[in-house]
Structures are given as C-alpha cells and as structure tokens.
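In what follows, a single structure is set out as structure tokens and then discussed.
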Amino acid sequence: MGLSLDASIVLAALAPFLAALLTPLVHRLAGAYSGWILALVPAGIFAVLLGAAGPVISGETIAAAIGWVPSYGLTLAFFVDGLSLIFALTIAGIGTLIVLYSGAYLRGHKHKGRFLAYMLAFMGSMLGLVLADNMLALFMFWEATSITSFLLIGFDHNRQAARRGAIQALVITNIGGMCLLVGVIIAQHLSGTWLLSELRGLEGVLKDSAFYGLVLALFIGAAFTKSAQFPLHFWLPNAMEAPTPVSAFLHSATMVQAGVYLLARMTPVLGGTSVWTAVLVAFGGVTLIWGALGALKETDLKQILAQTTIASLGLLVMLIGLGSEAAIAAMLVYFVAHACYKAGLFMVAGAVDHEAGTRDITALGGLADKMPVTFIGAALAALSMIGLPLTVGYFAKEEMYLALVGGDWLMLVALAVLVIGNALLAGVALVIMIRPFLGDALPTPKSAHEAPVAMLAGPILLGGVGVVAGILPDWLGHDVLAPGATAILGHAVEPHLKLALDLASPLIWLSALTWLLGIVVFRQAHAIRAVLRRLSVGLGWNADTVFDAVMFGLIRFAATVTRLLHHGKLEFYLVLVFVSLAVALFWPMLALGGLNWIVPTAELGDWSKRLVPPDLRPYEWGVVLLAVLGLVAVLIAQSRLIAILSLGIQGTALALIFLLFGAPDLAFTQLMVEVLSVVILTIVMTNLRLDARDHRPFEDWARDGTLAVVCGAGVSLLLMLVLNGPLDTRLSDFFTATSVPIAHGANIVNVILVDYRGFDTLGEISVVMGAGIAILALLRRRKKTEATGL
Amino acid sequence: MNTIIFRTAAPLIVATMLVFSVYVCLRGHNEPGGGFIGGLIAAASIAVFGMASGVPAVRRALKVDPLAIAGFGVLLAGFSGLLSLFIEAPFMTSIWLYLDLGETVVPLSTPMFFDIGVYFVVFGTLSAIALALESDEEEDL
C-alpha cells in the first residue's frame, strides 16, 4: 500500500495539469456535459486524498518525490501531513463542485473549454502549492497560481475592468512571489535544506539567525500580498470582475488562502516571536475590521462577499499570529468553515445573478418563493457564517474566543476586535440571507426561476458539510483539527470540541453578544452603509487610486527613459556606438599601460634604422595596393554608389590577403559578406532615395572623420599589441590535436562552430533570425506609413 | 541593371550558386566551407535572382516564406542537439553514424544537421531582408 499511495500523491498534484491539456478536446467531444466529465478529475483527487487521511490522522507523513534537477540535488518533492491534507481536501472538494458549477454557469459560452482548462490548471497549481515539500516547488506553484488566476480573472478580456482587475492581481501577488523566492533562498542558505519537512525540525535555525528579520519580512510580504491583508487588500474586490465560479473558488479556499497556508506552514520556524505576533495580530485585526466595514458599504452581492473574504483572511492571519494551541485550532476550524460557507455563498450569488439578472441587494427581494433550493443553500451557509450552534462556524467562533479569554489587556483588545469583527460579519450574513430572498418580491431583469442542478449541488452540499461537521464535533476535532494543529505546532494536540452549552463559561455569553450585535448591525445596515459611503467619499482616495497613480507613474517614467535612450536619430546612435568603441579600445591601452608594450624603449637605440620593408612577393604588393586604392576611392568618391563599390573593392582585397596568408575559410566568408553588403547597401541607398552625393556640414564631416581615424587607429594599435604578446597556443593545440579524433572533422574552424562551441552558434543563429524579423518589421512599417501618406 | 544579358545569364548564375552553396555547406566539416558560408552564397544568389527577375518571381519560385526557412533552420539546429538526450548524453553531444553503402561510406552526424540548420538560418534571414529591400512599395511584404 505504502508505495502506491506515495505515487498517487504525486499524481494527485499533477493530474489537473494533464486534465487541463485535454480539456479543450473533452469539451469538443462532450459539449454541454464537459463540466460533469471534468469534475471527475478533482473528485478522483479528493478520493485519493481521503485514502491518505487514515495514515495522516494516525500521525504519519506521506512523502513522495520525483527527480527534478538531480545534478543540483533538487527533487519535486511532495508530502502530506495534517495541514496540507486539510487544505488539499478543501481544494479538491470545492474544486469538484466548482467545475460542475462552471459547466452550467458558462453553458453555451464559446470559450467554455478554455475556461475549464484554466480552472483545472489553477487547481493543479493550488494543490501543488499545499502539497509541495520542496520550497522551490512551492514557489513555482505559488507563481503558477498567480499566472492562472490572472487568466481566470481576466477571462472576460473584452471588458476593460476585467483586464485591470487581472493585471492588478498579477502585479500585487507577483511582488509577493518575488519576496517568497528571496525568502526561500535565504532560508535554504541558513538551513541547508530545500525541504519543508526537514526545515520543520530545525526550529532555531531561522529564528536565532541575524537574518531573522529579513526572512520574516519576506515571508510576511509574500503571505500578505496573496492573502490581501491591509493595505494590500484592494486587488481582491477588483478581482470580482471574474466570472462568479472563479470568485467562488479563488476567494473561498484557494488563491487567497495560499498566504494563510504559508504562514501556518512557517509557524514552527518563524513563529512564536514577539515581532511575529505583533505584526500578524495588528495587520490581521485591522484587515478584519476594514473588510467587515467594507462589506457593509457595498450593495453588490459579489462585492459584499469579496469584502467579507478580506475580513476573514484578516481573522485567520490574526489567529496564526496568536499562535496558541486554541488559536491554531480555531484557525483550522475557521478555515474549513469559511471555505464551505464562502464558496457556497458565491455560488448562490452567481445563481441569483444568472437567474434573476442582477446582484444588487437593493433590487432583489422575495426570491425564496421562486428559488427555494437556492435559498436553503444560502441559509445554510449564512448560519455557518453567523456561527450558530450545530454549524461548524459555531466551533470556529468558540475556539477563537477560548484562545483569548483570560489573557492580559492586549489579549482583551484582540478579543474585542474579534467580537466586533464577528458581529459585523454576522450582520452581513443576515443581510445576504434575508435581503434577496425574503420580504416583498421585487421585479428583476430576468424572471427568476430555480438554477440547474449542477449549480445547486455546490451550495447545498457545502452547506450540508457545514452542518454535519457541526453536529459531529468529535469527528471534526479528532480527524481534522488535531492532525492539522499537530502539523503546525509540532507537538501532539488533543481535540476538545464538545457540543455542549455550558452556561457558566464566558464563551457562550461572548457568542450571544456577537449574535446580538449582529442583529443590530443587520437592522441598521442601511444607516451604516450611508455613513460609510459618506466617509469614503470624504476621504477622496483609497489604496486603489494609489495603485493607479503608482502604475501611471511607472509608465511615465518608462516613457521618459525610452525617449532619452531611444530618440530615433540614427546618426546619434552610430556616434554613440563608435565613441563607445573608441573608449573601449583606448582605455585599456592608456589607463592600464598596454601601450608601453609597443612604444620603443631606450635600449632599442635608433629604431628607425631597424625598420625593414616587409618581405612580400610582387603580386602580394599588388593586393595591398588594391586595398589602399579602394580605401582612397571611398574617401574621394563624389557619388555614394561609387563609394559603396570602392568599399567592396577594399574588402575583396582584404579577402585576397586572407587567402594568400592561409585562412581560406576567413577569405571565403569575407568575400561573401563583401558581396552581400555591397548589394544590400546599394538597395538600401536606392530605396531610401538618398541623394547621389553625400553632402554634410563641416562640423559633421570633422566629427565623423575624427571618429573614423580614432577607431581605426585604436584597432590597429590593438592588433599590434596583440601580435607583440606571446602567443598562447594551448587552445589551438587542443583543437588541432582533438579535432579529427573526437570531432571527426579536419576543418577546425567549422568543427569549433558546429561542435565544440555549437551551443554558442545556436544562440547566434537565433539572434540572426531575430534580427531578420526586426529588420522586416522596420521595413514593413516604413512601407505602411508611406502607403498611408504619413 | 536590367540588361538582357544579365536577365538571360541570371538563372544560370543562380542555379550554379545554389548548387555550389550546398556543396560548400556539406564539405565544411573537413575543408573550407560550412553552413554559414553556404548560406551566404545561397542568399547572394537569391539577391541576384531578385534583381534579374523581380521579387514576385523569386517568391513564387521559393514557394515558402524565406523567414520560415530561417525558422526551420533554428528548429533543425536545436533538434539536432536534442537527439543526444536519447543516448543519455548532455545536450548537443555529437552522434556519428557511418552508412556503409558498399562502395563508399557516408558519415552522417548531428553536427552535420546542425550545420544544415545554420545554412537555412543564414540563407532564410538574408534572403528575406534582401527580398524585402528589393521589393517595390506597392507589393505587400
């Protein structure tokens, strides 16, 4: 059993990607039923993970790995402990319902296949993230969730708002991704391991190091951006531009919970310090209240839910920050409760939108008669959100109060924040449950009727899970909470959930206070909304506008830099190139003393007497003369065409010199290059319709002439210098000796190009082709502008 | 430039140059030559052809877009390197196969295919540029 189970874990993490590849095909074949078929993938993963639950509950950790980059000792390692199991089961379970729901929600949409493929790829990234053991794999999947969520949020890419939401989410979460990468690398350097399962055992290695602050800041940066903590929360409501199934999945159990998962995972090695507690509790608390108030400000169902998600994320971060046994237990129960009720509520919102045509709670009412099943789903979820007994939300609330009761005054402040936050959320839950469904029926854009089965399965099942888990606290405590908390805290945790109303304990009174306040909030929801709206208008700006300003500034900065460097004046580009060449040639010679090698020294005496003409045969002199003549002709030529041709003569003479002195390869290439440059220069000249003659003002003439002389002298001096030094023949000896025996070729030049340094050549030919494409693009643009007369 | 002599002689010159370019490319491993030079010769022949017969005629004769030839070259060169993965050797380790045809032995090798890839890249890219420059304004590139 052991080995096969291990392999199945790897398969579970990678299967969604395979399924995503096949999705377009499945969709083409199955059409309207593709949602039902594809939902089998996450359902199968859920079953496999359930199979792993037994060993994990009894305290085992299941691990599996496949080779990745063996030469660096990197493996694509996965492991399942209590924490990853809770997250993975939630992802796969809700994923099944979401895929099913998407199939019905996007019925008839022409890009439904694409959507389902994105969805599965996203789910695979998320599963990989929570199952990854290797920290680099964690980072890779982390980034994969950013990219796939970008595709999902921007799915409706014809709308500007959807594109903006997608880009915003990508930018913000990628900042966190970079933080995570650096953090992971530092953590590996400090601990010497890439594996989270090994890192867990090295408790002090990060906490006691001098880099603790930096590592902590990086991991918190990653988690806060992903999990939308204040003040980086603003991307989450804008991501609501996505189709509703996306919101239901991303903002209940997956994307935004990645940060929570990371914090929980790093608790043993980073947590427990005063900085950790202070930062997480403070930011989490502010986020909780901010999100809950934000929810009350909105009237769009999806926006309300998005804001409550921010609040819940704040709550989870706060609980992780507190870090006590009860707080961690509360965090886990709350995570499960939240994932179930939030996914259910989003699906309800989608169903209402789909069937009634609007999501505005002020325009909805009395839908319970027309959509009774949807209403039941909404009610089950909302009751869990309020935290009534018999739902899993009740235990979440009890646990978190238990974690704080009886602490010092700081704990009491945190407790007050929790009670207020929960009360606000309870009020919002009542608004969501009652406003659209009860009261007088209002006319809606579409005549509302019940949604299809595939869209109802999610809310009803998730609501049911919320209640069943609430009725069976022993199961919840023993099978969910204890393994998870043990994995986070590193020591065995005993479950203590009981379904008993103990009137003597303060917890029940705190819960009652929460409910009471929740009802007040619900009654006053209208007034609160009015006040909050006035406040936000009065403030005038928010994180969203700041983001826009920063992005706009970035674009303007880029434009300025581009204008500075890329001014479009070819003449100045060339001057810059040749000035750089001259500096590169002369700086080593003058500043580093290279010139001293060839300057005549005193011992040499009268060096002019030693000058002898080179020993050349007459025809060799003839070739040299040809080269000089070509050069002179270039300089004195009256017309451009003659200058180009003379340049060709000079180059051909050079090729002949190469040929005479034993470099036939070089000569060959030089000759072909000369031919082609003459042809291309001529065509360019005629195409650009340049004047036949080259007139330039004196200052241009002087500048160009000086540059030419300086660069020419530089190259000549450099060549003299090189020839003056001792020739190191180790490389050429190696090539001469090995070219035939190991590379099977007698032409060393060619063998070097295609074999010894073939990888360089591969890069070079790619550059050649890239340059060709760029040249064609330039030519095409010029012709287009000519054609339009611009 | 469009004299009748040039136009009559051009196809002959082009054909000779093309054959010669292949010869130069293939002999490159042991004698002066190679894919780069061969590609240059072939591109020069295309430029000559374009001048003599006009760009549309050349494009018709080539059948495929010259840039596609260049892309094929990069692909061929890259794949020739990938072949070594099948013998569990690092990327671009050369593999040699001596085909014994009775009278003569033909050596086939991955560097040869690599060199042919280089030939196509140089040939395709430079031909594309030359043809784009030679073509008239009205012609769509």
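We did not get these values from a lab; they are worked out from the coordinates using the rules stated. Keep in mind that what you see is a predicted model, and the values were worked out from it rather than measured. Virtual Cβ from ideal backbone geometry, glycine too; neighbours counted across all protein chains shown.
Some points to look at:
- The convex hull drawn around the Cα atoms of region A:656-712, when projected onto a plane and averaged over every direction, covers 5.6 nm².
- Within chain A, longest stretch clear of exposed chymotrypsin sites (Phe, Trp or Tyr not before Pro) (DSSP loop, no more than 11 other Cβ within 10 Å): A:1-540
- For A:Val612 and A:Ala771, the FRET efficiency from 1/(1 + (r/R0)^6), where r spans their Cβ atoms and R0 equals 51 Å, is about 0.65.
- Relative contact order (%) - chain A, alpha-carbon pairs under 8 angstrom, separation at least six: 9 percent
- Label positions at A:Ala602 and A:Ala559, each projected 7 Å from the Cα along the C-beta direction, are separated by 6.6 nm.
- Euclidean distance between Cα centres, region A:562-584 to region A:88-116, Å: 54 Å
- Each label point was placed 7 Å from the Cα along the Cα-to-Cβ direction; for A:Arg107 and A:Glu60 their separation is 4.4 nm.
- Paramagnetic reach from B:Arg27 in region A:719-750 [backbone N under 20 Å; point 7 Å along Cα→Cβ]: A:740, A:744-750
- Derived from the Cα gyration tensor, the three semi-axes of the equivalent ellipsoid of region A:75-147 are 26, 14, 6 Å, largest first.
- Kirkwood Rh and Cα Rg combined as Rg over Rh, evaluated for the protein assembly as shown: 1.10
- Relative contact order (%) - criterion: Cα under 8 Å, at least six apart; region: region A:1-126: 39 percent
- Compared with the alpha-carbon gap, the fully stretched path from A:Leu214 to A:Asp360 is longer by 48.1 nm at 0.36 nm per residue.
- The Cα atoms of region A:197-248 define a convex hull whose projected area, averaged across directions, is 5.3 nm².
- Peptides A:530-536, B:61-67, A:126-132 ordered by average Cβ neighbours within 10 Å, highest first: A:126-132, B:61-67, A:530-536
- Estimated FRET transfer efficiency when R0 is 56 angstrom, pair A:Glu203-A:Glu764 (beta carbons, to 0.05): 0.60
- Contour excess over end-to-end distance, with Cα ends at A:Trp409 and A:Asp474 and 0.36 nm allotted per residue: 20.1 nm
- Within-15-Å neighbourhood charge of A:Gly177 [Cβ basis; K, R +1; D, E -1]: 0
- Cα centroid separation - region A:523-542 against region A:433-465, whole Å: 28 Å
- The mean number of Cβ atoms from other chains found within 10 Å of a Cβ in peptide A:672-679 is 5, as a whole number.
- Quotient of Cα Rg and 2.2 N^0.38 Å for region B:69-141, N being how many residues it contains: 1.55
- Across peptide A:756-768, the average count of Cβ atoms from other chains found within 10 Å of a residue's Cβ is 6.
- Backbone N under 20 Å from the A:Leu595 label point (7 Å along Cα→Cβ), restricted to region A:710-735: A:710-725
- Viscosity 0.890 mPa s, 25 °C: Kirkwood-radius Stokes-Einstein D of region A:226-347 over Cα pairs, µm²/s: 174 µm²/s
- Hypothetical label at A:Asn174: residues of region A:534-560 whose amide nitrogen lies under 18 Å (7 Å Cα-Cβ projection): A:547-559
- Taking each DSSP H run with n ≥ 4 as -39500 (n - 2.57) and averaging over every residue of chain A yields -24500 deg cm²/dmol at 222 nm.
- Extending 7 Å from the Cα toward the beta-carbon at both A:Asp691 and A:Val10 defines two label points whose distance is 7.3 nm.
- Restraint check, A:Lys302/A:Lys342; A:Lys226/A:Lys342; A:Lys370/A:Lys446; A:Lys226/A:Lys397; A:Lys342/A:Lys370; A:Lys226/A:Lys302, Cα-Cα greater than 21 Å: A:Lys226/A:Lys397; A:Lys342/A:Lys370
- Here is the size of region A:631-790 from its Cα atoms: Rg then Dmax, 20.9, 63 Å.
- Considering all C-alpha pairs of region B:35-91, those separated by over 14 Å amount to 67%.
- Taking chain B and dividing mean pair separation by its residue count, relative contact order in percent (alpha carbons under 8 Å, at least six apart): 29 percent
- Stretching B:Thr104 away from B:Val64 to a fully extended chain increases their span by 11.0 nm, per 0.36 nm per residue minus the current alpha-carbon distance.
- Equivalent ellipsoid semi-axes, region A:611-715, via Cα gyration tensor eigenvalues times 5, rooted, Å: 28, 19, 12
- A Förster radius of 56 Å, combined with the Cβ-Cβ distance separating A:Arg730 from A:Leu390, puts the computed FRET efficiency at roughly 0.10.
- Here the scattering of chain B is modelled by Debye summation over its C-alpha atoms, one equal scatterer each and no solvent; at q = 0.16, 0.17, 0.18, 0.20 Å⁻¹ the log10 of I(q)/I(0) is -0.87, -0.94, -1.00, -1.14.
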